[in-house]
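Participant: Pasting a structure here, questions to come.
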Amino acid sequence: MNNMNQMMKQVKKMQEQMMKAQEELGTKSIEGTAGGGVVTVIINGHKKVQSITIKPEAVDPDDVEMLQDLVLTAVNDAMTKAEELANKDMGKFTGGMNIPGLF
């Protein structure tokens, strides 16, 4: 019975550490860029867009599609980096296993 109590304490401690790590992800900023930095997107570790910066030279009224592509590329770049950060930060708790819905 003592082993069971000890195991439950360890599980509870690990859950608390995972929750803290998940909260900390929300405080981290990840930057994605496109076009050599003419479009920059900042997201947090929870994959919420915080800001989008577009330099004037990226704006061409005759080529709106290019600007749309740059924004899309910068967002996807930031999302990929956020996913990598989450996998790195949370992977220490899951032993590298990708558990859907965990983060």
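The values are calculated or read from the model by the stated rules, or taken from the named source; none is laboratory data. Fair warning: this is a prediction, and the values are worked out from it, not measured in the lab. Here the Cβ is made from the backbone with ideal geometry for all residues, glycine too, and neighbour counts use every protein chain on show. Surface accessibility is based on the protein's heavy atoms, side chains included, excluding ligands, DNA and RNA. Shrake-Rupley method; radii C 1.70, N 1.55, O 1.52, S 1.80 Å.
Participant: Among what's in segment 34-47 and is closer than 14 Å to GLU57 by Cβ and among the β-branched types (Val, Ile, Thr), pick the residue that is farthest from the chain's Cα centre (by Cα). If you could, list the steps in order and put the result at the bottom.
Facilitator: Of all residues in segment 34-47, those closer than 14 Å to GLU57 by Cβ come to 34-40.
Remaining after also requiring among the β-branched types (Val, Ile, Thr): 38-40.
Numbers: VAL38: 21, VAL39: 18, THR40: 15 Å.
So, considering only residues that are closer than 14 Å to GLU57 by Cβ and among the β-branched types (Val, Ile, Thr), the one farthest from the chain's Cα centre (by Cα) is VAL38.
Participant: A further question follows. Scan segment 51-72 and tell me whether some residue there is of a type in the set (D, E, K, R) and closer than 21 Å to PHE93 by Cβ. Lay out the reasoning, then the answer.
Facilitator: Going through segment 51-72, the residues of a type in the set (D, E, K, R) turn out to be 55, 57, 60, 62-63, 65, 69.
Of the ones still in play, those that are also closer than 21 Å to PHE93 by Cβ are none.
Within segment 51-72 (the criterion being of a type in the set (D, E, K, R) and closer than 21 Å to PHE93 by Cβ), the answer is no, since none of the residues qualifies.
Participant: Same structure, new question: Which of the residues spanning segment 50-62 are modelled with pLDDT of 95 or more and open to solvent by less than 90 Å² (accessible area, probe 1.4 Å)?
Facilitator: Once the filter is applied, which keeps residues that are modelled with pLDDT of 95 or more and open to solvent by less than 90 Å² (accessible area, probe 1.4 Å), segment 50-62 yields SER51, ILE52, THR53, ILE54.
Participant: Another question, if that's okay. May I ask you to verify whether LEU102 is at negative phi, modelled with pLDDT under 90, open to solvent by less than 80 Å² (accessible area, probe 1.4 Å) and assigned to a loop (DSSP other than H, G, I, E, B)?
Facilitator: Numbers: at negative phi: yes; modelled with pLDDT under 90: yes; open to solvent by less than 80 Å² (accessible area, probe 1.4 Å): yes; assigned to a loop (DSSP other than H, G, I, E, B): yes.
Here the answer is yes, as LEU102 does meet what is asked.
Participant: Name the single residue that is farthest from the chain's Cα centre (by Cα) among those in segment 50-80 being under 13 Å from GLU31 (Cβ atoms) and not in a helix (DSSP H, G or I).
Facilitator: Per the criteria, the residue is THR53.
Participant: Only residues in segment 75-103 that are among the charged types (D, E, K, R) count as the first member; pair them with residues that are at pLDDT 90 or above, Cβ under 6 angstrom, at least 6 apart or cross-chain, and list the lot.
Facilitator: ASP77/GLY32; LYS81/ILE30
Participant: Condition first: closer than 30 Å to LYS55 by Cβ and assigned to a helix (DSSP H, G or I). Now tell me which residues in segment 1-39 satisfy that.
Facilitator: LEU25, GLY26, THR27, GLY35, GLY36, GLY37
Participant: Can we say GLU16 is out of contact with any strand residue (DSSP E or B) (no Cβ under 8 Å at 6 or more places or on another chain) and without any contact (Cβ under 8 Å) to a residue 24 or more places away in the chain?
Facilitator: Yes: the conditions hold for GLU16.
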